[in-house]
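S.K.: Before I ask anything, let me first share the structure, which is written out below as structure tokens.
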Amino acid sequence: MTPKGKQGFRDMRPAVATQKKPPKITFPCDYPIKVVGDAASDFPATVCQVLVRHAPDFDETSMQVVDSRNGRFQSVRVTIRATGETQLNQLFLDLKATGRVHMVV
């Protein structure tokens, strides 16, 4: 109950039906991935080992490694040929399982 003279809060969020849904991905497709972890000389190689397991045609020379401003983190940016959601889900799980990856975007 609301006290006299006070109105309750109204839910101003749009109804579920009107919320935008993420776009559907049509497989196979080129799929960009950014993997962030603690900076280390072998971090890119660790990421590459996992990528090759899930995308055997991955071109290692296309990998871009970017250090954070203070040098604490590294991001490895790649594009793979994605064949399906199962492949991507397993890839993300295996990257996280290394214990060295903080985030996969």
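S.K.: So, counting K/R as plus one and D/E as minus one, what does the shell of residues with Cβ under 14 Å around Asp57 add up to? Each step should come with its number before you reach the end.
M.R.: Numbers: positive: Arg53, Arg81; negative: Asp30, Asp59, Glu60.
That works out to -1.
S.K.: Evaluate the distance, in nm, between pseudo-label points positioned 7 Å from the Cα of Gln49 and of Lys21 along their respective Cα→Cβ axes.
M.R.: 4.0 nm
S.K.: Rounded to a whole number of µm²/s, how large is the Stokes-Einstein D of region 25-103 at 37 °C and 0.692 mPa s, given Rh as the Kirkwood radius over C-alpha pairs?
M.R.: Here the translational diffusion coefficient equals 258 µm²/s.
S.K.: Something else now. Subtracting the Cα-Cα distance from 0.36 nm times the residue separation, let me have the gained length for Gln90 to Asp57 in nm, one decimal.
M.R.: Gain in length upon complete extension: 10.2 nm.
S.K.: Explain nothing, just compute: Karplus ³J(HN,Hα) = 6.51 cos²θ - 1.76 cosθ + 1.60, θ = phi - 60°, for every residue of region 56-68 in order, whole Hz, x for Gly and Pro.
M.R.: Ordered by residue, 3J(HN,Hα) equals x, 8, 4, 9, 4, 6, 8, 6, 10, 10, 10, 7, 5 Hz.
S.K.: Return the long-range amide H neighbours of Phe73 (sequence gap of 5 or more, or a different chain), with a cut-off of under 5 Å between placed amide H atoms.
M.R.: Excluding prolines and chain starts, which carry no amide H, the hits are Ala39, Ser68.
Only the coordinates and a few stated rules stand behind these numbers; no lab work does. Here the structure is a predicted model, which is why all the values come from computation and not from measurement. Cβ coordinates were reconstructed from backbone atoms using ideal geometry, including for glycine residues, and neighbour counts include every protein chain displayed.
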